[in-house]
Amino acid sequence: MSSYVGQPRHHLLSVLVENKAGVLSRIASLFSRRGYNIFSLAVAPTDNERFSRITIVVDVESAPLEQVMAQLDKLVNVVDISELHPAEAREAELLLVTVAADATERAQVIQLVGVFGGRIVDVSLTALTVMLAGAPESLDDFEELMRSYEIVELQRTGRIALPRLDAGAERRPRVRRAGHSS
Amino acid sequence: MELTGAQALVRSLEMEGVEVVFGLPGGAILPVYDPIIDSSIRHVLVRHEQGAGHMAEGYAHVTGKPGVAMVTSGPGATNIVTPLCDAYMDSVPIVCVTGQVPTTAIGSDAFQEADTTGITAGITKHNWLVTDAADIPRVVREAFEVATTGRPGPVVVDVPKDVSNATMEWYWPEGVDLPGFRPPGAPDSEAVAAAAALIRAARRPVLYVGGGVLKSRACEALLDLVELTGIPTVTTLMARGAIPDSHPLCLGMPGMHGNYAAVTAMQRADLLIALGSRFDDRVTGKVSAFAPSAKVIHVDVDKAEIGKVRRPEVGIHADCREAIEEICSALRSTGRLDPSRLESWTGEIARWQATYPYTYEKDGTHAGAAREGGRPAGRPSLLKPQFVLEVLRDATPPGTILTAGVGQHQMWASQYWRFERPYSWVNSGGLGTMGFAVPAAIGAKVGRPDATVWAVDGDGCFQMTAQELVTASSEQIPVKIAILNNGYLGMVRQWQHMFYEERYSEVYLSPDLPDYVGWAEAMGCIGLRVEAPEEVLPAIEKANEIDDRPVVIDFRTDAMEQVFPMVPAGASNDDIVVHPAQREAEAGPPKTRAPKTSPPKTSATAGVKAPARKRRGT
Ligand SMILES: Cc1ncc(C[n+]2csc(CCOP(=O)(O)OP(=O)(O)O)c2C)c(N)n1
Ligand SMILES: [Mg+2]
């Protein structure tokens with residue numbers, strides 16, 4: 001997986017949707033029909049069971065972000081869209097990787113996992129499976145290091161994010177929203 | 001009160017004020033057809049579900065009310081996909097109820113199962129698969145709300161058979177709870193003020209009026225704006241009639257087959273005021289060369305249209321009528337507009353109009369005749385399609401509703417008709433659906449039984465949906481059809497003529513097969529045939545007198561005729577090709593050809609390239 005750190009062509013959209021059948025497929029088909037590219041996507045219910053939150057990393061080389069947001073906003077089940085600027089968001093992602101590591105390499109891998117704050121979740125004589133959660137950039141770095149060993153399988157979840165809290169300030173995220181201007 | 005889902009569905013349609021449903025039954029929708037018998041709602045039994053969809057569109061176009069169609073699952077649903085897409089492209093409010101296999105069978109490839117919500121998701125504003133009979137009133141209420149609010153459009157309500165058969169306790173919801181569905185608020189006052197300032201400062205402004213003006217019932221407001229500002233106005237194919245064609249400031253249709261003055265006024269404008277129009281490629285031509293020196297004000301109820309094709313200086317996301325009214329009052333509150341400010345601009349436009357009106361050769365010859373060795377075989381006369389339209393236009397009562405198919409005849413209809421009232425023109429603009437005219441005319445006549453409804457159709461188009469004339473005959477819906485029978489898929493033929501070196505591939509239909517008169521009569525209509533210019537008026541007068549059944553006139557028109565002007569696909573609007581007879585007008589050194597006046601070299605227009613030369617020939 002190539003790194004997406006700091007690439008300006010990627011934008012992070014946090015989309016609140018009604019928790020109804022087919023919502024994800026409506027969003028996915030809107031992206032494909034209009035020729036927009038999804039880089040990563042994560043979906044899960046929110047604390048309110050009526051709604052789910054979809055975090056989409058959009059490749060906006062394919063279309064201006066404004067157009068993507070305005071088209072998404074027209075979907076009846078899309079309740080709210082906000083763009084989260086990296087500087088104003090807390091982002092996290094989860095990575096699972098199985099690395100081939102024999103007895104000689106195992107110690108090095110375990111050491112790196114410790115440095116990154118990951119966890120060994122499975123072990124065999126010839127391989128290790130590591131779980132690492134954290135900022136996407138840190139996952140990128142870890143992934144890069146793991147490439148010097150033999151990666152058997154690797155899976156990342158895609159980003160999730162929430163607006164950063166402004167300590168002391170009004171608890172209101174600074175985000176760009178689609179929908180009515182007022 | 002306990003009702004079945006089917007009864008609740010019909011009851012909900014009644015609650016929404018539905019007067020007529022266009023449809024055709026089948027297995028999965030059977031339960032719903034039973035309570036239809038006892039309902040006040042009229043059901044029009046179509047002969048093909050595509051007909052139901054276009055009828056619902058025609059009805060919606062002329063009444064402003066949502067059109068309703070009802071079909072069965074599987075093939076019934078897939079047959080109505082084309083009209084749904086058509087309605088989506090042209091923002092026509094349609095509520096389509098589809099039957100579905102029982103919920104227990106969904107996903108099993110059951111008989112007549114199709115993923116209707118999946119198939120129609122991309123061509124509807126929204127759709128619902130109802131899984132509980134108790135949801136029916138709520139979903140129907142939501143469906144009508146979504147179809148008619150904001151930018152109108154089609155919706156689908158997919159009802160599985162077991163849901164129709166189940167029972168529920170009847171209720172009618174007070175309102176809708178759709179947290180993600182928000183029509184725009186009032187126009188932003190700063191944007192309105194900015195728009196007014198641009199309008200005040202402009203010296204070569206054009207009002208670019210699209211179908212959204214009709215959808216928002218803004219024609220009165222538009223007329224006020226036109227007269228207040230004195231700004232020349234173009235009405236797109238979807239907006240013909242938004243202001244009367246007879247209005248001195250109405251320039252008519254812009255775009256690929258628009259008239260020279262409308263196209264060129266937009267090209268040279270310093271300000272385009274786009275009202276409910278969407279910078280469609282058929283209007284802009286090559287986008288990068290479109291109206292190069294114009295600032296843009298864009299008013300649209302759909303935020304995604306603003307800036308989609310052309311970034312405006314001022315975007316107003318609002319209902320068109322409200323926005324136009326606000327712009328008018330902003331202009332009034334900031335002092336009188338000096339009418340003389342546009343004198344040189346309107347003078348220039350008047351010269352274009354005088355030099356390049358729509359035209360055709362009226363003497364019965366055509367450019368290709370000599371070269372091709374005279375008239376095509378079997379053609380006793382050269383009846384010009386434009387002539388037929390002129391006679392029809394002048395022989396029909398005021399307020400006649402005109403529908404059209406798609407092709408040359410559609411363009412000529414838009415060019416040669418005189419639209420004096422809004423909602424008198426019904427056509428398929430965005431999708432360009434052949435076969436639209438006949439069923440749309442039937443739907444229009446159902447919605448407006450008081451009006452005379454004529455369909456101008458092509459021979460190719462007619463063959464796609466003509467069977468709906470059986471519907472019209474049996475339901476006594478007396479529409480009138482004028483087939484401009486050129487024996488060809490004429491518009492495609494024209495492109496092959498112009499861009500494929502006259503290599504005609506699969507465009508010949510024959511004017512005689514089918515026998516349109518015989519076919520019309522077989523469908524319970526009166527059929528007439530017209531072959532010579534002098535027969536045109538008597539036939540139309542005869543048709544106008546018939547009011548107890550549909551009439552079809554087979555006009556045998558000149559197969560060689562082409563639509564002019566034309567901006568070739570992908571070309572700049574500067575490269576508009578005028579009628580061959582008008583190419584003389586531009587003879588002589590290119591720089592001195594009409595139009596002579598060029599925009600003043602102010603900073604606003606610096607960098608405007610000189611209008612490119614029109615193509616000689618094609
Ligand atoms: C359903 C459909 N199929 C194909 C086309 C492409 N097409 C556009 S115009 C046209 C020819 C229409 O022929 P006819 O109805 O005879 O009209 P004419 O151009 O001859 O006036 C065709 C095939 C279309 N618009 N719609
Ligand atoms: Mg034809």
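The values are calculated or read from the model by the stated rules, or taken from the named source; none is laboratory data. Since the structure is predicted, the reported quantities are computational estimates derived from the model, not experimental observations. A quick note on method: Cβ atoms are made from the backbone with ideal geometry, for glycine too, and the neighbour counts reach across all protein chains shown. For accessibility, only protein heavy atoms count, side chains too; no ligands or nucleic acids. Shrake-Rupley method; radii C 1.70, N 1.55, O 1.52, S 1.80 Å.
Any chance you could count how many residues in region A:7-44 are small (Gly, Ala, Ser) and either at the interface with chain B (Cβ under 10 Å from one of its Cβ atoms) or without any contact (Cβ under 8 Å) to a residue 60 or more places away in the chain (or both)?
Step one: filter region A:7-44 for residues small (Gly, Ala, Ser), giving A:14, A:21-22, A:25, A:28-29, A:32, A:35, A:40, A:42, A:44.
Filter once more, keeping what is either at the interface with chain B (Cβ under 10 Å from one of its Cβ atoms) or without any contact (Cβ under 8 Å) to a residue 60 or more places away in the chain (or both): A:21-22, A:25, A:28-29, A:32, A:35.
Counting residues in region A:7-44 that are small (Gly, Ala, Ser) and either at the interface with chain B (Cβ under 10 Å from one of its Cβ atoms) or without any contact (Cβ under 8 Å) to a residue 60 or more places away in the chain (or both) gives 7.
Okay, residues lined up against (1) surrounded by fewer than 21 Cβ atoms within 10 Å (Cβ to Cβ); (2) hydrophobic (A, V, I, L, M, F, W, C); (3) closer than 30 Å to B:Arg310 by Cβ:
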site	(1), (2), (3)
A:Val68	no, yes, yes
A:Glu88	yes, no, no
A:Leu95	no, yes, no
A:Val99	no, yes, no
A:Arg119	yes, no, no
A:Thr129	yes, no, no
A:Leu145	yes, yes, no
A:Glu150	yes, no, no
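I'm trying to understand the selection: among the residues of region B:421-447, which are away from ligand 2 (no atom under 16 Å from the Cβ), of a type in the set (Phe, Trp, Tyr) and surrounded by 22 or more Cβ atoms within 10 Å (Cβ to Cβ)?
B:Trp425
State which residue is nearest to B:Ala472 (Cα to Cα) when the search covers only region B:545-574 and only residues that are of a type in the set (Asp, Glu) and surrounded by 22 or more Cβ atoms within 10 Å (Cβ to Cβ). Quick ask: steps written out before the conclusion?
The initial filter retains those residues of region B:545-574 that are of a type in the set (Asp, Glu), namely B:545, B:547-548, B:554, B:558, B:561, B:574.
Add one more test, that the residue is surrounded by 22 or more Cβ atoms within 10 Å (Cβ to Cβ), and what stays is B:554, B:558, B:561.
Values: B:Asp554: 18, B:Asp558: 29, B:Glu561: 31 Å.
Filtering region B:545-574 for residues that are of a type in the set (Asp, Glu) and surrounded by 22 or more Cβ atoms within 10 Å (Cβ to Cβ), the one nearest to B:Ala472 (Cα to Cα) comes out as B:Asp554.
Say we look at region B:494-515 and pick out the residues that are more than 10 Å from ligand 2 (Cβ to nearest atom) and hydrophobic (A, V, I, L, M, F, W, C); which of these is surrounded by the fewest Cβ atoms within 10 Å (Cβ to Cβ)?
Checked region B:494-515; the qualifying residue surrounded by the fewest Cβ atoms within 10 Å (Cβ to Cβ) is B:Leu513.
Got at least one residue in region B:507-514 being in contact (Cβ under 8 Å) with a residue 60 or more places away in the chain and at negative phi?
Taking every residue of region B:507-514 in turn, at least one turns out to be in contact (Cβ under 8 Å) with a residue 60 or more places away in the chain and at negative phi.
Would you pick out the residues in region A:77-113 that are part of a strand (DSSP E or B) and β-branched (Val, Ile, Thr)?
Pass one, region A:77-113, residues part of a strand (DSSP E or B): A:78-84, A:89-100.
The answer is A:Val78, A:Val79, A:Ile81, A:Val97, A:Thr98, A:Val99.
Just one of the numbered conditions (1) out of contact with any Pro (no Cβ under 8 Å at 6 or more places or on another chain); (2) within 14 Å of chain B (Cβ to nearest Cβ); (3) surrounded by fewer than 19 Cβ atoms within 10 Å (Cβ to Cβ) is not true of A:Lys74; which one?
It is condition (3) that A:Lys74 fails.
Could you list, in sequence order, all residues of region B:274-331 that are in contact with a helix residue (DSSP H, G or I) (Cβ under 8 Å, 6 or more places away or on another chain), over 16 Å from B:Gly210 (Cβ atoms) and within 13 Å of chain A (Cβ to nearest Cβ)?
The answer is B:Val314, and nothing else.
Counting residues that are open to solvent by less than 20 Å² (accessible area, probe 1.4 Å) and either at pLDDT 95 or above or under 28 Å from B:Glu190 (Cα atoms) (or both), which helices (runs of 4 or more DSSP H) fully inside region B:225-338 reach at least 3?
Where helices (runs of 4 or more DSSP H) fall fully within region B:225-338 and carry at least 3 residues being open to solvent by less than 20 Å² (accessible area, probe 1.4 Å) and either at pLDDT 95 or above or under 28 Å from B:Glu190 (Cα atoms) (or both), they are B:260-268, B:320-333.
From the list B:Ala482, B:Ala472, exactly one residue is under 21 Å from B:Lys362 (Cβ atoms) and under 27 Å from the mean Cα position of the chain (by Cα). Which is it? Spell out how you get there, then give the answer.
Working: B:Ala472 fails: under 21 Å from B:Lys362 (Cβ atoms).
Of the residues listed, the single one that is under 21 Å from B:Lys362 (Cβ atoms) and under 27 Å from the mean Cα position of the chain (by Cα) is B:Ala482.
Name the pairs: first residue in region A:70-81 and basic (Lys, Arg), second residue assigned to a helix (DSSP H, G or I) and open to solvent by less than 10 Å² (accessible area, probe 1.4 Å), Cβ to Cβ under 8 Å, at least 6 apart or on different chains?
Close Cβ pairs (under 8 Å, with a partner that is assigned to a helix (DSSP H, G or I) and open to solvent by less than 10 Å² (accessible area, probe 1.4 Å)) amount to A:Lys74/B:Ala304.
If you scan region B:469-493, which residues turn out to be buried (at least 22 other Cβ atoms within 10 Å of the Cβ) and either away from ligand 1 (no atom under 16 Å from the Cβ) or within 14 Å of chain A (Cβ to nearest Cβ) (or both)?
B:Thr471, B:Ala472, B:Ile477, B:Val479, B:Lys480
Looking at B:Leu484, is it within 14 Å of ligand 2 (Cβ to nearest atom) and touching a residue at least 60 places away in the same chain (Cβ under 8 Å)?
Criteria met by B:Leu484.
Given the conditions (1) away from chain B (no Cβ under 14 Å); (2) out of contact with any Ser or Thr (no Cβ under 6 Å at 6 or more places or on another chain), report the number of the one that A:Val79 does not fulfil.
(1)
Does B:Gly407 fit the bill of being at pLDDT 95 or above and of a type outside the set (D, E, K, R)?
Numbers: at pLDDT 95 or above: yes; of a type outside the set (D, E, K, R): yes.
So B:Gly407 fits the description; yes.
How many of the residues in region B:448-461 are charged (D, E, K, R) and away from ligand 2 (no atom under 14 Å from the Cβ)? First the steps, then the outcome.
Within region B:448-461, the subset charged (D, E, K, R) is B:448, B:450, B:457, B:459.
Subsequent filtering for residues that are away from ligand 2 (no atom under 14 Å from the Cβ) retains B:448, B:450.
Selection size over region B:448-461: 2.
Restricting attention to region B:183-218, report how many residues are within 29 Å of the chain's Cα centre (by Cα), within 14 Å of chain A (Cβ to nearest Cβ) and surrounded by fewer than 15 Cβ atoms within 10 Å (Cβ to Cβ).
Taking region B:183-218 as the starting set, the residues that turn out to be within 29 Å of the chain's Cα centre (by Cα) are B:183-187, B:192, B:195, B:199, B:204-218.
With within 14 Å of chain A (Cβ to nearest Cβ) added as a condition, the list becomes B:183-187, B:192.
Narrowing further to those that are surrounded by fewer than 15 Cβ atoms within 10 Å (Cβ to Cβ): B:183, B:185-186.
Looking only at that region, the number is 3.
Kindly list the number of the only condition in (1) assigned to a helix (DSSP H, G or I); (2) open to solvent by 20 Å² or more (accessible area, probe 1.4 Å); (3) closer than 20 Å to B:His317 by Cα that fails for B:Ala221.
Exception for B:Ala221: condition (2).
Taking region B:129-150, which residues are within 30 Å of B:Gly210 (Cα to Cα), within 11 Å of another protein chain (Cβ to nearest Cβ) and surrounded by fewer than 24 Cβ atoms within 10 Å (Cβ to Cβ)?
Of everything in region B:129-150, those that are within 30 Å of B:Gly210 (Cα to Cα), within 11 Å of another protein chain (Cβ to nearest Cβ) and surrounded by fewer than 24 Cβ atoms within 10 Å (Cβ to Cβ) turn out to be B:Glu142, B:Glu145, B:Thr149, B:Gly150.
So the check is Cβ under 8 Å with 6+ separation or different chains; which pairs have a first residue in region B:381-406 that's on the phi > 0 side of the Ramachandran plot and a second one that's open to solvent by less than 20 Å² (accessible area, probe 1.4 Å) and within 16 Å of ligand 1 (Cβ to nearest atom)?
Sorted first by the residue in region B:381-406, then by its partner, the list stays empty.
Before we move on, is B:Val456 within 11 Å of ligand 1 (Cβ to nearest atom), aliphatic (A, V, I, L, M), modelled with pLDDT of 95 or more and crowded, with 24+ Cβ neighbours inside 10 Å?
yes
Looking at A:Glu61 and the list (1) within 14 Å of chain B (Cβ to nearest Cβ); (2) in a loop (DSSP other than H, G, I, E, B); (3) over 20 Å from A:Val23 (Cβ atoms), which single condition is not satisfied?
If we test A:Glu61 against (1) within 14 Å of chain B (Cβ to nearest Cβ); (2) in a loop (DSSP other than H, G, I, E, B); (3) over 20 Å from A:Val23 (Cβ atoms), just (1) comes out false.
A quick yes/no check of all residues on (1) farther than 30 Å from B:Asp319 by Cα; (2) within 20 Å of the chain's Cα centre (by Cα); (3) not aromatic (Phe, Trp, Tyr):
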site: B:Pro75; (1), (2), (3): yes, no, yes
site: B:Tyr88; (1), (2), (3): no, yes, no
site: B:Val101; (1), (2), (3): yes, no, yes
site: B:Thr116; (1), (2), (3): yes, no, yes
site: B:Ala133; (1), (2), (3): yes, no, yes
site: B:Val139; (1), (2), (3): no, no, yes
site: B:Ala147; (1), (2), (3): no, yes, yes
site: B:Val155; (1), (2), (3): no, yes, yes
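Out of all the residues in region A:132-140, is one or more modelled with pLDDT under 95 and either within 14 Å of chain B (Cβ to nearest Cβ) or outside any helix (DSSP H, G or I) (or both)?
yes
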